[in-house]
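To start, the structure under review is shown below, and the notes come after it.
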Amino acid sequence: MRAVTIDDFGATPTVTEVAQPTPGPGEILVRVRAASLNGFDGAVVYGFLKDMLEHKFPITLGKDFAGTVEAVGEGVERAAGEKVFGVVMKPVVSDGSFGEYVVVGEGYGIAAIPEGVDFAQAGALGLAGTAAAGVIDAIAPAEGETVLVAGATGGVGAYAIQLAAAAGATVIATAKPGEETDFVLGLGAAHAVDWTGDLAAQVRAIAPEGVTSAVHLAGDPAQVAELVAAGGRLASTLGFGPEHAEGLDLTVTSVMANPDAATLERLATAVAAGTVRVPIAGTYALDAVAEAFGAFGAGTLGKIAVTVG
Ligand SMILES: NC(=O)c1ccc[n+]([C@@H]2O[C@H](COP(=O)([O-])OP(=O)(O)OC[C@H]3O[C@@H](n4cnc5c(N)ncnc54)[C@H](OP(=O)(O)O)[C@@H]3O)[C@@H](O)[C@H]2O)c1
C-alpha cells in the first residue's frame, strides 16, 4: 500500500510502498479516506519527541484518520464498511494514518462517524478536537464568563473558540488583523487581540480585571497567566502545569488530548448538528503531503486535510 513515510529524523515525508498491516486480536484495519496534519506530525519528522516516545523506522506519519472498517481482528465486533474516525494511539511511533490502511486498537481512539459528517470533516477532528475539548472541559467556562484563547488561529484554537462560545462564554481570541481576525470572529469569538502587538493592553481593555479563564495553545504561558483574574482557571496543551504556577492564584491544568470514544462522539455529534464547524483551510492528496507539511509549517488558519485514495 502507499503511505507517507520518513526513514530518518529530518527527512522529507515521501510516498512509498509499504506492507499493508493486518489486524491482530482487538484491532481494526481501517481503509483510510481522510486525515489531517497536527503539530505532532511535524514534531515526529524533526525528532522533537525522540526522547519521549519510542520510534521505529520507517515511520508512517499521521495521527488523525477517517475511513471505513476493512477487516477486524479476533474479538472485535465492528462490521466491515462501518465509517469510523479517530486518532492513532500507539506506544511506538511507527504505523500512522497517512497511508491507504491503518491498524488501530478497538478500545481507544476510535468512534463511529455519524450521519451528516463526511470523511474530510471527521479526518480533521480527532487530535485537535479532543485537545480543544480537554482544555475547555478543564476551564469549564460558564455563561457570561470571559475566556482568552491564546493560539486561537490553529486547529486546536479553532475548536476551542467554538466550544467556549457554545458554553455561553465571551471569547477573546488571539489573531493578527485581517484574515486571521475574520477567521476567529467567524468561529464565534467576540473579540480578536493581536498577539504581535501589546497583548496585555488589548486584553485589559476588554477585561480590566483579567479574564475568568484562558487556554494556552501558543505563546508565553506566563504572559497568558498574568491576564487571568485572581481565582481563575488556565489550561495548556503545551505542558504548562500547576508546578509552573506557584504563587499564582489560579487553577492550572496541563492537558493531554484524550481521544476516548465518548469525546470523539461528542465532537462528531456537534459537527453533525452544525454547532461545531470543521475549519479546513486546505486539502492535499496523499502524493502532495510534503507540500501539506510546508503549508502547515508556514501557518494556516485551522486545519490542513489530507485525502487518501
Ligand atoms: N498536549 C496535547 O495532547 C496536544 C494535542 C494537540 C496539540 N497540542 C499542541 O498544542 C498547540 C496547538 O496545536 P495546533 O494544532 O492548533 O497548532 P497550530 O495549528 O500550529 O496552531 C498554533 C497557532 O498559534 C499561532 N501562534 C503562534 N505564536 C503565537 C503567539 N505567541 N500567540 C498567539 N498565537 C500564536 C500560530 O500562528 P502562526 O501559524 O502564524 O505561527 C498558529 O495559528 C501545538 O503546540 C501542539 O503541538 C498538544
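The values are calculated or read from the model by the stated rules, or taken from the named source; none is laboratory data. On a predicted model such as this, the values are computed, not experimentally measured, just so you know. Positions of Cβ are generated from backbone atoms using ideal geometry, with glycine treated the same way; all protein chains shown enter the neighbour counts. SASA here: full protein model, heavy atoms, side chains in, ligands and nucleic acids out. Shrake-Rupley method; radii C 1.70, N 1.55, O 1.52, S 1.80 Å.
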Practice item. Would you check which residues across the range 266-280 are over 15 Å from the mean Cα position of the chain (by Cα) and surrounded by fewer than 17 Cβ atoms within 10 Å (Cβ to Cβ) and list them? Key: 269, 272, 273, 274, 275
Point to revise | Restricting the range 225-268 to residues that are among the hydrophobic types (A, V, I, L, M, F, W, C) and assigned to a loop (DSSP other than H, G, I, E, B), the residue that is farthest from the ligand (Cβ to nearest atom) | key: 248
Study note, to complete from the structure: Reported set for the range 294-306 where residues are over 15 Å from the mean Cα position of the chain (by Cα) and open to solvent by less than 50 Å² (accessible area, probe 1.4 Å) is 294, 295
Point to revise | Members of the range 172-193 that are surrounded by fewer than 24 Cβ atoms within 10 Å (Cβ to Cβ), within 9 Å of the ligand (Cβ to nearest atom) and outside any helix (DSSP H, G or I) | key: 176
Practice item. Give me the pairs, please: first residue somewhere in the range 238-260 and in contact (Cβ under 8 Å) with a residue 60 or more places away in the chain, second residue anywhere and open to solvent by 30 Å² or more (accessible area, probe 1.4 Å) and hydroxyl-bearing (Ser, Thr, Tyr), beta-carbon distance under 6 Å, and either six or more positions apart or on two chains. Key: 255/237
Point to revise | Conditions (1) open to solvent by less than 20 Å² (accessible area, probe 1.4 Å); (2) in contact (Cβ under 8 Å) with a residue 24 or more places away in the chain; number of the one not met by residue 43 | key: (2)
Check your understanding: Can you spot a residue in the range 106-119 that is surrounded by fewer than 24 Cβ atoms within 10 Å (Cβ to Cβ) and under 23 Å from residue 297 (Cβ atoms)?
Key -> no
Check your understanding: Checking residue 152 against (1) closer than 17 Å to residue 302 by Cα; (2) open to solvent by less than 10 Å² (accessible area, probe 1.4 Å); (3) more than 9 Å from the ligand (Cβ to nearest atom), which test does it fail?
Key -> (3)
Check your understanding: If you take the residues in the range 273-298 that are free of Cβ contacts under 8 Å to residues at least 24 places away in the same chain and within 13 Å of the ligand (Cβ to nearest atom), which one is nearest to residue 14 (Cα to Cα)?
Key -> 294
**Study point:** Given (1) in contact (Cβ under 8 Å) with a residue 24 or more places away in the chain; (2) over 21 Å from the mean Cα position of the chain (by Cα); (3) more than 16 Å from the ligand (Cβ to nearest atom); (4) part of a helix (DSSP H, G or I), index of the condition residue 165 fails
**Key:** (2)
Check your understanding: Within the group 33, 2, which residue is more than 24 Å from residue 302 (Cβ to Cβ), crowded, with 16+ Cβ neighbours inside 10 Å, basic (Lys, Arg) and more than 16 Å from the ligand (Cβ to nearest atom)?
Key -> 2
Practice item. Count, please, the residues in the range 71-113 that happen to be farther than 26 Å from residue 57 by Cα and assigned to a strand (DSSP E or B). Key: 4
